[in-house]
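Colleague: My questions will all concern the structure given below.
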Amino acid sequence: MTIHIALLRAVNLAGHNPVAMADLRDLLVHLGHTEGRSLLQSGNLVFVSHARTTSGLEQGLERAAKTRLGLDTPFFVRTATEWRALVAANPFPEEARHDASHLVMMLLKDAPERSAITALQNAISGREVVRVIGREAYVVYPDGIGRSRLTNALIERKLDTRGTGRNWNTVLKLAALAGGR
């Protein structure tokens with residue numbers, strides 16, 4: 001049995017992809033996963049599963065969400081062990097301590113090529129800073145996220161992969177939820 005963390009992309013945002021967290025927890029039970037918990041209303045799940053690989057789990061969750069809930073959105077899944085590693089790998093510890101709401105960790109479907117990371121770096125027009133480590137991108141938005149030109153769409157286009165982000169406060173809350181079994 002392995003603890004997993006799943007993030008859904010773009011749910012419950014301004015009426016887009018509405019879904020109740022209770023429905024997502026019920027979906028987990030229907031699929032045979034246990035101890036399903038959610039955090040906030042933005043598609044953050046922690047659960048226990050027999051699945052060993054996250055890619056197969058992502059695909060199964062995506063299919064089931066579409067079939068059972070009419071929800072067509074990507075799921076990004078990491079094990080609790082992987083989550084602890086990505087927290088430890090944070091290249092911005094000062095920002096995490098002093099301005100966690102402006103530090104975003106993005107889970108990516110695939111690890112981008114080095115040339116794609118360079119293209120993203122070259123596309124930054126503000127004071128934002130991005131570091132990509134494997135299938136995660138860490139982004140500092142010193143002037144705030146809402147007005148930044150470094151959008152998720154731009155990041156995905158330059159990195160040539162899908163992604164979803166959470167601010168550092170949420171990342172740590174999910175780590176605690178996954179560790180508090």
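Where a number appears in this text, it was derived from the coordinates with a stated rule and is not lab data. Keep in mind it's a predicted model, so treat the numbers as computed, not measured. Because the Cβ atoms are built from the backbone with ideal geometry, glycine has one as well, and the counts that use them run over all protein chains shown.
Colleague: Take Ala88 and Ala20, extend 7 Å from each Cα along the Cα→Cβ direction, and tell me the distance between the two endpoints in nm.
Modeller: Each label point is offset 7 Å from its Cα along the Cβ direction, giving 4.0 nm.
Colleague: Now for a separate question. Under unit Cβ charges (Lys, Arg +1; Asp, Glu -1), what dipole magnitude, rounded to 20 debye, does the range 2-83 have relative to its Cα centre? Please list the in-between numbers first.
Modeller: Values: 8 positive and 7 negative charges, 9 e Å.
Here the range 2-83 has a charge dipole of around 40 debye.
Colleague: Within 13 Å, Cβ to Cβ, of Ser125, how many net charges do the neighbouring residues add up to if Lys/Arg are +1 and Asp/Glu are -1?
Modeller: Details: positive: Arg127, Arg147, Arg149, Lys158; negative: Glu128, Asp143.
So the surrounding residues net to +2.
Colleague: Taking the chain as a Gaussian network, Cα atoms linked when under 10 Å apart, which of Asn90, Asn167, Asn152 shows the biggest mean-square fluctuation?
Modeller: Taking springs between Cα atoms under 10 Å, the residue moving most is Asn152.
Colleague: To continue, here is another question. Quick one: compute the contact order of the chain, relative version, from alpha carbon pairs under 8 angstrom and 6+ residues apart, as a percent.
Modeller: Details: 299 pairs, mean separation 43.1, N = 181.
Value for the chain: 24 percent.
Colleague: OK, next. Give a residue-ordered list of calculated ³J(HN,Hα) values for the range 127-134 (Karplus: 6.51 cos²θ - 1.76 cosθ + 1.60, θ = phi - 60°; whole Hz; x for Gly, Pro).
Modeller: 8, 5, 10, 10, 10, 10, 10, x
Colleague: Going by C-beta contacts inside 10 Å, put His102, His30 in order with the fewest on the left.
Modeller: Working: His102 19, His30 10.
Fewest-to-most Cβ neighbours within 10 Å comes out as His30, His102.
Colleague: Next up: By a straight-distance test (C-alpha under 20 Å), which lysines pair with Lys109 as possible cross-link partners, with residues fewer than eight away in the same chain excluded?
Modeller: Lys66, Lys158
Colleague: Note the full-extension length gain between Met1 and Glu35 as 0.36 nm times their separation in residues minus their Cα-Cα distance, in nm to one decimal.
Modeller: Stretched fully, the Met1-Glu35 segment lengthens by 11.1 nm.
Colleague: Under the rule of -39500 (n - 2.57) per DSSP H run of 4 or more residues, summed and divided by the residues of the chain, what mean residue ellipticity at 222 nm is obtained, to the nearest 500 deg cm²/dmol?
Modeller: -11500 deg cm²/dmol
Colleague: Assign unit charges at the C-beta atoms only (+1 for Lys and Arg, -1 for Asp and Glu), then state the dipole size of the chain relative to its Cα centre in Debye, rounded to the nearest 20.
Modeller: Working: 23 positive and 17 negative charges, 18 e Å.
Dipole about the Cα centre, nearest 20: 80 debye.
Colleague: Rounded to a whole number of µm²/s, how large is the Stokes-Einstein D of the range 82-181 at 10 °C and 1.306 mPa s, given Rh as the Kirkwood radius over C-alpha pairs? Mind dumping the intermediate values first?
Modeller: Values: Rh = 13.7 Å.
It diffuses with D of about 116 µm²/s by this estimate.
Colleague: Around Gly56, with a cut-off of 14 angstrom between Cβ atoms, what is the net charge of the other residues, counting Lys and Arg +1 and Asp and Glu -1?
Modeller: My count for the surroundings of Gly56 gives +2.
Colleague: Give the calculated FRET efficiency between Thr53 and Arg127 to the nearest 0.05, with a Förster radius of 45 Å applied to their Cβ-Cβ distance.
Modeller: On the way: r = 38 Å, r/R0 = 0.85.
Given R0 = 45 Å and the Cβ-Cβ separation, E is 0.75.
Colleague: Please compute the net charge surrounding Leu7, taking Lys and Arg as +1 and Asp and Glu as -1 over other residues with Cβ under 14 Å from its Cβ.
Modeller: On the way: positive: Arg9, Arg37, Arg78, Lys109, Arg135, Arg162, Arg166, Lys173; negative: Glu58, Glu62, Glu82, Glu136.
So the environment of Leu7 carries a net charge of +4.
Colleague: Could you order the peptides 110-122, 138-150, 44-56 from most to least packed, using the average number of other C-beta atoms within 10 Å per residue?
Modeller: Details: 110-122: 14.4, 138-150: 15.9, 44-56: 17.8.
For the peptides 110-122, 138-150, 44-56, the packing ranking is 44-56, 138-150, 110-122.
Colleague: Something else now. I'd like the projected area of the chain, averaged over all directions, using the convex hull of its alpha carbons. Report it in nm² with one decimal. Can you show the working numbers first?
Modeller: On the way: hull surface 39.4 nm².
Dividing the Cα hull surface by four gives the mean projection, 9.9 nm².
Colleague: List the extent of the Cα atoms of the range 2-83 along each of their three principal axes, largest first, rounded to whole Å.
Modeller: Projected onto its principal axes, the Cα set of the range 2-83 covers 33, 23, 20 Å.
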